[in-house]
Amino acid sequence: MIKLENISFDHCLKCTVCTIYCPVAKVTHLFPGPKQSGPDAERLRIKNPELVDASLKYCSNCKRCEIACPSGVQIASIIQEAKWNYVRKGMFRPRDFFMSRTDLVGSIATRVSTIANFVLGLSLVKFFMEIILKIPMKSVFPSYASGTFVNKFSRLRKSQAPYANRVTYFHGCFVNYNNHRLGRDLVRVLNAMNIGIDITDEKCCGVPLIANGYLEKAKKNGIYNIRSLSRMQRANGGKIVSTSSSCSYALKHEYSHFLKLDNSAIYDDVEYITKFLFDQFEAGNMPAMNPVPLRVAYHSPCHLERLGGVIYTIDILKRIPGLDLVILHSECCGIAGTYGFKKEYYQISKRIGSQLFQLIEHVNPEFVVTDCETCSLQIESNTEYRVLHPVNLLAMALESMPEA
Amino acid sequence: MAYDCLIIGGGLAGLTCGIKCLSEGLRTVIISSGMNALHFSSGSIDVFGYTRSKEPVNRPFDYIDMYTKERPDHPYAKMGSAGVREAIDFIVPQIARENLSLVTNGDENHFHVTGIGTLKPTYLSQPSVYNERIRAAWENREPIAVLNFEGYRDYYAEMAAEQLKKQPLFQGVDIFVDSIRLPYYAPTEKNLLEFRSIDLARVFDTEKYLPRIAGEIVKKAGNARIVCLPAFIGIRDYETIHRKLEEMTGRLIYEVPSLPPSILGMRLDNALKSRFAALGGEFSIGDTVNGGEIVSGLLDHVHTCNYGATRHRSKYYVLASGSFFSDGLRSEFNKITEPILGLTVNASQKRSEWYSEHFFDEASHPFLGYGVETNARLNPFDASGSPVENLFCAGALLCGYDPIREASGGGVAIATGYKAAREIIGLCRGARA
């Protein structure tokens with residue numbers, strides 16, 4: 001029986017533009033491309049689910065096909081849905097299980113961060129990880145911070161009390177377990193704009209769970225987050241901001257469109273941070289900034305492109321005085337969350353990114369800037385350059401810098 | 001918002017407009033919904049190809065002068081042939097900066113060969129489609145080999161050759177068909193039958209297999225001076241690859257467009273977008289502008305699908321959202337509308353009048369001439385009929401011309417995109433002074 005609400009594949013004109021812009025199809029013929037795997041094959045799968053084929057697994061869900069489509073077909077969603085409808089349920093997949101539980105692994109690793117980082121760096125451990133978990137030896141893992149951002153923030157909580165204007169910060173796993181600096185910088189920047197921060201109980205947004213096929217778990221997390229965030233939002237009356245482009249995409253769009261959750265309680269209030277800052281700046285609430293005389297290259301993450309949010313980040317960066325900003329041609333970095341950490345996709349992921357790495361080397365900036373945590377991991381482990389978040393740069397602009 | 005110019009639509013018109021605005025130092029953003037129609041175009045740019053009686057136009061600029069006197073509602077009438085020429089003289093060197101040259105036949109049109117082997121008059125072409133040497137070889141009636149890759153399904157060499165033989169220009173010329181084989185292409189597990197033009201273009205882009213491909217061509221081209229290949233000789237640095245292939249084979253390599261995606265069109269798209277980015281333009285492609293508010297004759301803001309209530313503001317706006325295919329115009333049962341701002345559209349509201357009975361009607365279809373009405377400065381009219389003075393319209397959504405019957409789509413896009421930019425630049429300067 002064909003569900004009539006799900007016939008966006010019928011709008012496909014077979015123009016093949018999506019396949020041109022598919023980063024995976026560009027580097028390997030193992031993936032026949034979004035047109036064939038999505039709208040073309042969907043017709044067959046509807047008639048006979050057995051016609052699903054294994055090449056679907058090569059889709060990294062970067063969503064560039066949806067960006068390119070002139071006819072509004074939800075190609076990536078069609079592929080994601082098809083992909084996970086046919087995974088043998090109940091089979092334990094150790095690597096995918098641990099990789100997608102960023103919050104579970106993070107909460108353990110941050111307790112013993114020194115040991116965890118040491119152990120994960122050992123060649124012997126990496127060797128067994130490659131053999132048993134099929135995580136390539138060459139992968140560079142994000143290092144775990146000592147303790148969680150949530151714990152650190154509890155000490156700051158009092159300092160946030162005086163601010164009448166407030167936001168709820170969805171920090172996400174990466175800030176909580178790996179990158180405290182980004183969280184701290186956000187507190188600085190927003191405080192300088194007279195805005196206080198609240199955080200609330202949250203679970204992983206669900207992006208890695210969706211990518212690894214744990215849709216039920218992703219839904220559970222989604223329901224939890226919607227409830228928790230909306231409670232906090234009602235209490236403080238402000239927006240819900242995230243410093244991760246993919247978390248914000250999930251909270252807003254994956255929850256409603258893909259997981260079919262009712263996120264209307266938070267939908268209008270969830271914003272990726274640069275969009276929030278843009279609105280504040282436009283309304284005249286802009287902190288005094290000192291020149292940041294750095295040459296930086298900006299890489300736009302796929303999911304932020306899909307959201308149409310790149311123009312806000314660029315606007316924010318352009319407002320930082322003294323910043324020499326080069327905007328890189330839009331290319332996928334290849335990591336796609338957990339995709340590039342898997343042995344079977346490792347080479348593909350590197351080949352996808354090579355175009356971007358070359359661009360960066362050609363520009364030779366002092367820093368690369370991007371909105372996405374896994375893009376920054378990929379760029380840092382494949383080039384010589386360190387990567388900053390736009391909020392890091394804003395925080396730098398608040399410090400008094402020596403005259404250049 | 002700090003934008004001087006916000007352009008809705010990232011096709012030929014929007015990008016031309018954006019590049020001109022940037023070159024004059026305006027802060028410019030393009031919001032484009034998906035990829036543009038250049039991906040389905042021939043990659044040549046027509047200015048004016050056919051007269052009303054379907055005769056090929058020889059000198060397009062002279063013809064524009066004549067035609068617009070009779071038809072003052074044609075978009076070309078708003079800038080005249082001098083304005084069209086100025087726009088083309090601006091954009092061609094901009095595209096050349098990104099390693100793509102566009103060749104003309106002086107002031108005259110030339111022909112390009114279509115995928116089915118017919119000839120179409122056009123004004124600007126890439127050098128693998130028209131140049132002096134190709135013209136000389138045609139005039140000398142040199143033999144032509146029409147080659148295809150064995151197994152490639154998106155191009156029909158036999159059909160193209162049969163049609164070509166029927167063209168008066170090629171009467172009695174030795175035209176023959178053959179196929180070449182793609183040399184072993186390393187990282188492929190794919191059947192050649194599944195190759196699309198883009199896959200082959202990427203093989204060429206590596207340059208790695210050029211000598212092998214050249215060897216294959218020489219083997220099959222016999223005494224032919226001109227070798228027609230389906231168009232996929234690379235994208236980014238195609239001119240180098242084309243030149244190398246000509247040197248290696250000692251033949252003129254002529255490109256014929258195959259089924260979409262069109263590599264010839266993608267080269268134009270790629271060059272224009274690179275130029276736009278190099279000049280500091282901001283380009284948003286994941287989101288769609290779906291509305292805006294006109295307050296007392298001025299467009300106040302626009303908003304997008306993904307950001308609901310958020311207002312995007314700019315000093316000036318350009319609407320270059322394309323025609324029916326790109327959803328710049330929309331047909332409902334008995335109504336043709338401009339869906340973003342509800343601007344006044346010049347169209348019959350009777351469905352039965354939209355089309356001619358025969359698909360290939362000589363007189364074309366009336367709906368192709370429908371579109372948004374504007375004044376001489378390209379300002380459209382809002383629902384109440386008053387002009388919107390900070391909004392300019394450009395490209396395929398304009399009314400008053402038939403891009404198919406006239407073969408004028410590319411020229412209108414460039415000329416109106418450029419004209420919109422000129423108007424905005426003038427207004428910005430006026431405001432500053």
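What ranking of A:I379, B:I116, B:I7 emerges when the number of other C-beta atoms within 10 Å of each C-beta is taken as an exposure proxy, fewest first?
B:I116, A:I379, B:I7
Name the residues of region A:93-109 whose amide N is less than 15 Å from a point 7 angstrom out from the Cα of A:L156 along the C-beta direction?
Those under the cut-off are none; the list is empty.
Give the distance, in whole Å, between the Cα centre of region B:384-426 and the Cα centre of region A:85-158.
Rounded to whole Å, the Cα centres lie 56 Å apart.
If the cut-off is 15 Å between C-alpha atoms, which aspartates and glutamates fall inside it for A:K26, apart from same-chain ones fewer than 8 positions away?
Qualifying aspartates and glutamates at Cα under 15 Å: A:E331, B:E189, B:E194, B:D199, B:D205.
With the contact rule set at Cα under 8 Å and sequence spacing of 6 or more, what percent relative contact order holds for region A:277-399?
31 percent
For chain B, what does the relative contact order come out to in percent, with C-alpha contacts under 8 Å and a separation of six or more?
Result for chain B is 24 percent.
For region A:111-118, take each phi angle, set θ = phi - 60°, evaluate the Karplus expression 6.51 cos²θ - 1.76 cosθ + 1.60, and give the result in whole Hz per residue in order, putting x for glycine and proline.
6, 10, 4, 4, 5, 4, 5, 5
Can you tell me how region B:278-433 classifies by the Cα gyration tensor, rounded, prolate or oblate, using a/c under 1.5 as the rounded cut? Walk me through the numbers before you get to the answer.
On the way: a/c = 1.80, a/b = 1.53, b/c = 1.18.
Verdict is prolate for region B:278-433.
Considering only Cα-Cα distances, which of the following residue pairs are longer than 19 Å: B:K78/B:K419; B:K244/B:K273; A:K83/A:K126?
B:K244/B:K273; A:K83/A:K126
Using Cβ counts within 10 Å as a stand-in for footprinting exposure, how do A:W84, B:W138 rank, fewest first?
Listing A:W84, B:W138 from fewest to most nearby Cβ atoms yields A:W84, B:W138.
Averaged across B:276-282, how many Cβ atoms of other chains sit within 10 Å of each residue's Cβ atom? Don't jump to the answer; show the numbers that get you there.
On the way: counts 0, 5, 2, 0, 5, 1, 6.
Mean partner-chain Cβ count within 10 Å for B:276-282: 3.
At q = 0.10 Å⁻¹, what is the log10 ratio I(q)/I(0) for chain A, with the Debye formula run over Cα points and no solvent?
Log-scaled intensity ratios, in q order: -0.68.
Per residue of region B:395-406, in order, report the coupling 6.51 cos²θ - 1.76 cosθ + 1.60 (Karplus, θ = phi - 60°) as ³J(HN,Hα) in whole Hz, putting x for Gly and Pro.
x, 5, 7, 6, 9, x, 8, 10, x, 7, 5, 8
Per-residue mean of other chain beta-carbon atoms within 10 angstrom of the beta-carbon, peptide B:336-346? List each step's numbers first, then the result.
Working: counts 0, 0, 0, 0, 0, 0, 0, 0, 0, 0, 0.
Shielding by partners across B:336-346 averages 0.
How far is the Cα center of region A:1-78 from the Cα center of region A:373-388, in Å?
29 Å
Using only the alpha carbons, work out the radius of gyration and Dmax of region B:276-365 in angstrom.
Gyration radius and largest Cα-Cα distance of region B:276-365: 16.8, 48 Å.
Determine which aspartates and glutamates satisfy two conditions relative to B:K54: a Cα distance under 19 Å, and not lying fewer than 8 residues away in the same chain.
Candidates past the 8-residue exclusion: B:D46, B:D62, B:D65, B:E70, B:E108, B:E357, B:D361, B:E362, B:D402, B:E406.
Let me know the charge dipole size of region A:308-360 about its Cα centre in debye, to the nearest 20, where only the beta-carbon of Lys, Arg (+1) and Asp, Glu (-1) is charged. Mind showing how you got there, number by number?
Working: 6 positive and 4 negative charges, 39 e Å.
It works out to roughly 180 debye.
Given N residues in region A:245-404, what is Rg(Cα) / (2.2 N^0.38 Å)?
1.11
Please report B:D361, B:D73 as a ranked list, fewest other C-beta atoms within 10 angstrom at the top and most at the bottom.
Final ranking by Cβ density, sparse to dense: B:D361, B:D73.
Using unit Cβ charges (K, R positive; D, E negative) and no other charged atoms, how large, in debye to the nearest 20, is the dipole of chain A about its Cα centre?
Roughly 1240 debye for chain A.
What order do you get for A:282-288, B:403-409, B:413-419 when each peptide is scored by the mean count of other beta carbon atoms within 10 Å, highest first? Don't jump to the answer; show the numbers that get you there.
On the way: A:282-288: 11.7, B:403-409: 22.0, B:413-419: 28.7.
Answer by packing, highest mean first, reads B:413-419, B:403-409, A:282-288.
Under 19 Å Cα to Cα from A:K219, which aspartates and glutamates show up? Leave out anything in the same chain fewer than 8 places away.
Answer for A:K219, where 19 Å is the Cα cut-off: A:E81, A:D96, A:D103, A:D201, A:E202, A:E254, A:D262, listed by chain and number.
Any idea how far the Cα center of region B:57-130 sits from the one of region A:218-268, in Å?
Cα centres, region B:57-130 to region A:218-268: 52 Å.
Using Cα pairs closer than 8 Å and at least 6 residues apart in sequence, work out the relative contact order for region A:21-157, in percent.
Relative contact order for region A:21-157 comes out at 18 percent.
Considering the protein assembly as shown, what Rg and Dmax in Å follow from its alpha-carbon atoms?
Final numbers for Rg and Dmax: 28.1, 91 Å.
Which FRET efficiency value, to the nearest 0.05, is calculated for B:S331 and A:S123 with the Förster distance at 56 angstrom and r the Cβ-Cβ distance? All intermediate terms of the calculation are to be shown ahead of the outcome.
Working: r = 65 Å, r/R0 = 1.15.
Working from the Cβ atoms, E equals 0.30.
If r is the Cβ-Cβ distance from B:R153 to A:E380 and R0 is 51 Å, what FRET efficiency results, to the nearest 0.05?
Values: r = 43 Å, r/R0 = 0.85.
After rounding to 0.05, the efficiency reads 0.75.
Bear in mind these aren't lab numbers, they're just calculated from the coordinates by the rules spelled out. From a predicted model like this one, the values you see are computed outputs, not experimental measurements. We place every Cβ from the backbone using ideal geometry, glycine too, and count neighbours over all the protein chains shown.
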